[in-house]
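Some notes on the structure that comes next.
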Amino acid sequence: MVVGAFLPPVYLRVRANRRRRAFDDALPDVLQLISGALSAGLSLAQAVDTVVREGPEPIASEFKRVLVEARIGMPIEDAFDGVAARFQSKDFAWTVMAIRIQRQVGGNLAELLNTVAATMRERAYLRRQVRTLSAEGRFSAIILCAMPPLFALFMLFSNPDYLAPLVADIRGWALIATAAAMMTVGTVAMSRLVKVEL
């Protein structure tokens, strides 16, 4: 029952995060593809259709849905907003905002998308640099958080009499609860220290 209650949401969250990362990683190349199609004289809808035929997943299938929604009367910017909301992609939400503004005030959309794609690539490069530089801190945090429960598990199997007073007395349970609370606070603090938002 425990596995059935907790495993499916965890599995779906992992798959969703993987799909979201694939979307964000492929987005600059897709914007470059749309920009090239626009420079060749195609409309925005035709450029999106080019992505559907030649682009990577999961963007190709999502843009196919955009085309279907556009054909039944939804403005293409609103359909793009739906994609940004489903993937929780701030980068694509900013791209849609730029497209919406450009279509209202005019300008070269192909050049705008090229600029946005270049900015996304620079941000991705900076994000990878930060992740590399913070790897030591993250690894230290994982080791520090894993050591107490692993050591307790080791002692439970190697010398159970040593841990018996901890679970046989109410004061032992109070100590366990205090240690768990301190571990939680420490884990949250370390995760915030090594997490850098870009």
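No value in this document is a laboratory result; all are computed from the given coordinates. The structure presented is a predicted model; accordingly, all values stated were derived computationally and were not measured. All Cβ positions, even for glycine, are placed from backbone atoms using ideal geometry, and neighbour counts span all protein chains on display.
Which value in Å does the Kirkwood hydrodynamic radius of segment 33-79 take, with 1/r averaged over all unlike C-alpha pairs and then inverted? Present the calculation step by step, with values, prior to reporting the outcome.
Values: mean 1/r = 0.0945 Å⁻¹.
Answer for segment 33-79: a Kirkwood hydrodynamic radius of 10.6 Å.
Using a 10 Å cut-off around each Cβ, can you sort Asp169, Asp49 from fewest to most neighbouring Cβ atoms? Please list the in-between numbers first.
Numbers: Asp169 11, Asp49 17.
By the 10 Å Cβ count, ascending: Asp169, Asp49.
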Three principal axis lengths of segment 66-129 [C-alpha, angstrom, descending]: 43, 28, 14
The rounded separation in angstrom of the Cα centers of segment 1-29 and segment 156-190 is 33 Å
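Given Cα positions, please report Rg to Rh for segment 1-76, the hydrodynamic radius being the Kirkwood one. Don't skip to the end; give the middle numbers.
Numbers: Rg = 16.5 Å, Rh = 14.0 Å.
Ratio of gyration radius to Kirkwood radius: 1.17.
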Could you compute Rg(Cα) / (2.2 N^0.38 Å) for the chain, with N its residue count? 1.51
In a Debye calculation with equal point scatterers on the alpha-carbon sites of segment 135-194 and no solvent, what is log10 I(q)/I(0) at q = 0.15, 0.25 Å⁻¹? -0.55, -1.01
Per-residue [θ]222 nm for the chain (sum of -39500 (n - 2.57) over DSSP H runs n ≥ 4, rounded to 500): -30000 deg cm²/dmol
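Provide, as a two-decimal number, the C-alpha radius of gyration of segment 11-124 over 2.2 N^0.38 Å, N being how many residues it has.
Numbers: Rg = 13.4 Å, N = 114, 2.2 N^0.38 = 13.3 Å.
Expressed relative to 2.2 N^0.38 Å, the Cα Rg reads 1.01.
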